[in-house]
Every structure is written in C-alpha cells, then in structure tokens.
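**Q** Structure below; questions to follow.
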Amino acid sequence: MDHAGRLAPAGLVFLGLMDLELPLPPPPLANMATGYKPPSGEWPLSSVDRGAPDFIAKANASWFEICRAESLFGDDRDFLVAVALHEGGNDFWWARVRLAESWDVVGAGSASSLGTGFGEPEFTALSVTGDVAAFCCSTTSWIRTVVATGFSEIEDLRTMAEWKAGYPRTPRQEKAAARRWLDSL
C-alpha cells in the first residue's frame, strides 16, 4: 500500500510502519479508549461547530492545540496514525508520521485517508510512546477531537483487550497486538 501517497494530502510525512511486534495497543482498542470514563474527571475535548466561519481551519487548529497540550506529539511533531495494512483489509496498525510545515488533517487529509470526505475526519492517532490516544471524528453538526491519556489504567478497557485477544473473529494482527499490549502492562 502507498501509505506515503495516501497520507501526503493531510500534510503527514510517512516515516514508516511501526514494527508489528511492538507492545502498542491495536488501533481499534486505542480508538475505544476515548469512549471509556477516565480514572478522574473527563477526557480533554475540543469541538468546532460546522456553522462556524472557516470551520475547517478552526477544527485543524483545535485538533493541533489539544494534541499538543496533551503531549501526543514528539519533539519533531511526530506521532502515530492508524492505517490499513492492506487495501480493503480490516487489519490496522500504526504508521509513524511527522507533521509537515503545511498540513490539513481535517480537510484534505479527511478526503484522502483520514476520513470519509473533505471535512469529515475519522481517524485515531497515538503518541510514539503509546500512552496518549486522540480520536478525531465528525457529525453533521461538529468536528470533535477527544484525547485519552493513561488509558492503560482503565480496567474496562483492559477487559475489552482480553476479550479481543481471545475472540475468534478479531482480526489476527489485532488479536496478537492486544495480547502483546496487555502482557506489557
């Protein structure tokens, strides 16, 4: 798969796929983390109304600010983003990327590989260290980013990981990744 070409419209420089044997949470599990209640309070959230002037620019800025504030990015603005391993497949893993000087994850990125169309993001990002997950999504009313930190401490998420690791219909890569992640905790 041409990950570099698919991620370029978003302004993401493809640095390579992460080793499949690393104990990172599988992308579907990291995506679920933001749906569980955090150990205390609420997950940090940013939301931009589609009716706002320049809502794409505002949603991009909002995504960047919340991800920066919650330490998703490494020193070189690098992070991981979930990608399909094979065209049309249901196995996902992490691509290491870096934000280019000019980027547009919510607009052009959503039209290419990070969503279902221009201004319709649907993607999960993870810090290189694997402890910060960000989920960007949209509805007809808003574009929202939710960030989860310390999600490995959520018992219900670990229970879900155990279930995924043992469920026969979980894709093979996801099943193995869930087991490695759990064993690393």
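**Q** Can you name the condition, by its number, that S141 falls short on among (1) in contact (Cβ under 8 Å) with a residue 40 or more places away in the chain; (2) within 28 Å of G5 (Cβ to Cβ); (3) open to solvent by 20 Å² or more (accessible area, probe 1.4 Å)?
**A** Looking at each condition in turn, S141 falls short on (2).
**Q** Residues of the range 90-108 being open to solvent by less than 10 Å² (accessible area, probe 1.4 Å), farther than 24 Å from L20 by Cα and in contact with a strand residue (DSSP E or B) (Cβ under 7 Å, 6 or more places away or on another chain), which ones?
**A** V105, V106
**Q** Right, here's the next one. So, of the residues in the range 52-88 that are assigned to a loop (DSSP other than H, G, I, E, B) and without any contact (Cβ under 8 Å) to a residue 12 or more places away in the chain, which turns out to be most open to solvent (accessible area, probe 1.4 Å)?
**A** D75
**Q** Something else about it: Can you run down the residue pairs with Cβ atoms below 7 Å, 6 or more apart or on separate chains, where the first is in the range 1-15 and in contact (Cβ under 8 Å) with a residue 60 or more places away in the chain and surrounded by 17 or more Cβ atoms within 10 Å (Cβ to Cβ) and the partner is polar (S, T, N, Q) and part of a helix (DSSP H, G or I)?
**A** Final answer for the pair search is R6/S112; P9/S112; A10/S112.
**Q** Okay, next question. Anything in the range 37-51 that is open to solvent by less than 90 Å² (accessible area, probe 1.4 Å), under 16 Å from T149 (Cα atoms) and within 18 Å of the chain's Cα centre (by Cα)? List them, or say none.
**A** Passing the criteria: P38, W43, P44, S46.
**Q** I'm checking my understanding of the structure. Among residues of the range 112-133 that are of a type in the set (A, V, I, L, M, F, W, C) and under 16 Å from the mean Cα position of the chain (by Cα), which one is most open to solvent (accessible area, probe 1.4 Å)?
**A** So the residue we want is V128.
The values are calculated or read from the model by the stated rules, or taken from the named source; none is laboratory data. For clarity, every value in this text was computed on a predicted model and none was experimentally measured. Please note: Cβ atoms are built from the backbone with ideal geometry, for glycine as well, and neighbour counts cover all protein chains shown. With ligands, DNA and RNA removed, areas are computed over all heavy atoms of the protein, side chains included. Shrake-Rupley method; radii C 1.70, N 1.55, O 1.52, S 1.80 Å.
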